[in-house]
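The values are calculated or read from the model by the stated rules, or taken from the named source; none is laboratory data. Here the structure is a predicted model, which means the values were calculated and not measured. In case anyone asks, the SASA skips ligands and DNA or RNA and just uses the protein heavy atoms, side chains included. Shrake-Rupley method; radii C 1.70, N 1.55, O 1.52, S 1.80 Å.
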Amino acid sequence: MIRNPRRRNEPLDHAELARLPPAPADPRLAADRRRLLEEHLMNEIHRSDPTPAPAPVRRPLRRAALIAAPVAAAAALAVVVSPGASPDTATVAAPRLVKAPVVQIEEGSAVKVTSTVRELAAAATASTTPRPGPGQYIYIKSRVSFMASSFNGDTGESATWVQPLHDREVWRSPDGTRGWLDEPGYQAKGGIALGSGDPLKQQTYTWLAAQPADPDALLKFAYSTAGGTRDRDQQAFNEIGSIIREQLVPSGLAGALYEAAGRIPGVVVVEHAQDASDRDGIALARLDPQTGERSEWIFDRESRQYLGSRGVQVREVNGVKPGTVVERTAIVTRAVVDADKQHPGAGRANA
């Protein structure tokens, strides 16, 4: 039996690695997937789990949770480097995967895009967003779940699994060079340090705050990040999604980003979409022609504020059935705090 999961919770042996299918022609992932996968790669380095679990499927990803290699390759890399982890590093057994939820696929409408984007932009511009100062951190708490799928080479049967919904807390300095991630059950107790000497500029508050609220300029930037053979329109849509997903975006700029996204061909409005907290909202969405997955950005039906995201399989690809929810996120809290690992209300800063 050959098992090809997208994520895994146990090390692969070399024989099993040899049986994995080749990577897709273009392994480029969008920035937020790239960053998330980097973080999950570090999680795998510090993890040990004796329970058999599906292994990462080489599915062309539109970004996969936050790195620039296919997910399976990232998992394989984790296997290679994990022996080098400090022997006294605390380990954590990852939670068992659960069956992915399946929903009725609602057809999107291109007719309502212009009016919906106008409402989203107006609501974002009118909102008040805290501004981090020197030495402070942007704090984001969310609920998340990502996919892993398995395939039985003997029977031809496939199954899609997801992580149990769980909390994820991230602290990032405005310039992105310092930070902390706490995702209980997915890395050693207490969390891991984040940061880079050269973070992706579009993932930092400092860069965002310096951008003009110009939809044309922002759309041009989004397309400038596209490359390879992947659909350029989808890459631009994903790039904007990666900016708003786990960041504090200045109010006026958020509105301009929504307007830019609304100008991308193929974007539709989905009237009913639920985030990871089961909040029903309206979504801006686009179907990835390569993966068959529709990326949905979900907004509150009344306030039009961003709630979270959802990925729904619309067309079967790699055995993932239509209607399968392959990922869910929900923003719980956005705030500015005075130190990493500090929670809102514990210091001077306010949410």
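The smallest convex shape that holds all Cα atoms of the stretch 275-322, its convex hull, gives 66 Å³ per residue. Per-residue 3J(HN,Hα) values for the stretch 279-284, derived from phi via the Karplus relation 6.51 cos²θ - 1.76 cosθ + 1.60 with θ = phi - 60°, read 7, 8, x, 9, 10, 8 Hz in sequence order (x marks Gly and Pro). Taking the square roots of five times each eigenvalue of the Cα gyration tensor of the stretch 123-171, the equivalent ellipsoid has semi-axes of 41, 14, 8 Å, listed largest first.
For the stretch 167-209, the share of accessible area belonging to carbon and sulfur comes to 53 percent (1.4 Å probe, ligands and nucleic acids excluded).
The accessible-area ordering, largest first, of the residues L219, L284 stands as L219, L284, per a 1.4 angstrom probe. Dividing the Cα radius of gyration of the stretch 296-342 by its Kirkwood radius returns 1.19 for Rg/Rh.
State log₁₀ I(q)/I(0) for the stretch 134-204 at q = 0.21, 0.22, 0.26 Å⁻¹ as given by the Debye formula over alpha-carbon point scatterers of equal weight, solvent excluded. Values returned for q = 0.21, 0.22, 0.26 Å⁻¹ are -0.92, -0.97, -1.13.
Over the stretch 230-284, consider all pairs of different Cα atoms and compute the Kirkwood hydrodynamic radius from their mean reciprocal separation; express it in Å, one decimal. Roughly 12.4 Å, rounded to one decimal. If one puts a single equal scatterer on every Cα of the stretch 98-237 and applies the Debye formula without solvent, what log₁₀ I(q)/I(0) results at q = 0.16, 0.20 Å⁻¹? For the stretch 98-237, the Cα-only Debye profile gives -1.32, -1.33. 3J(HN,Hα) along the stretch 290-301: 8, 8, x, 9, 9, 8, 10, 9, 9, 10, 4, 5 Hz, from the Karplus curve 6.51 cos²θ - 1.76 cosθ + 1.60 with θ = phi - 60°, whole Hz, x for Gly and Pro.
Kirkwood's formula applied to the C-alpha pairs of the stretch 167-323 gives a hydrodynamic radius of 16.9 angstrom. Once the chain from T114 to V98 is taken as fully extended at 0.36 nm per residue, the excess over their C-alpha distance is 2.0 nm.
With all protein chains present, how much of the accessible area of the stretch 305-347 (probe radius 1.4 Å) comes from carbon and sulfur, to the nearest whole percent? So the carbon and sulfur contribution to the accessible surface is 49 percent. Applying 0.36 nm per residue to the separation of D216 and T333 and subtracting their alpha-carbon distance, the gain on full extension is 39.1 nm.
For all pairs of alpha-carbon atoms in the stretch 204-257, what percent lies in each bin of width 5 Å, listed from the first bin to the last filled one? Distribution as computed: 4, 20, 31, 26, 12, 6, 1 percent. The spread of Cα positions in the stretch 236-336, taken along each principal axis and listed from longest to shortest, comes to 42, 28, 23 Å.
The gain in end-to-end length when the V317 to I105 segment is fully stretched comes to 74.8 nm, 0.36 nm per residue minus the alpha carbon separation.
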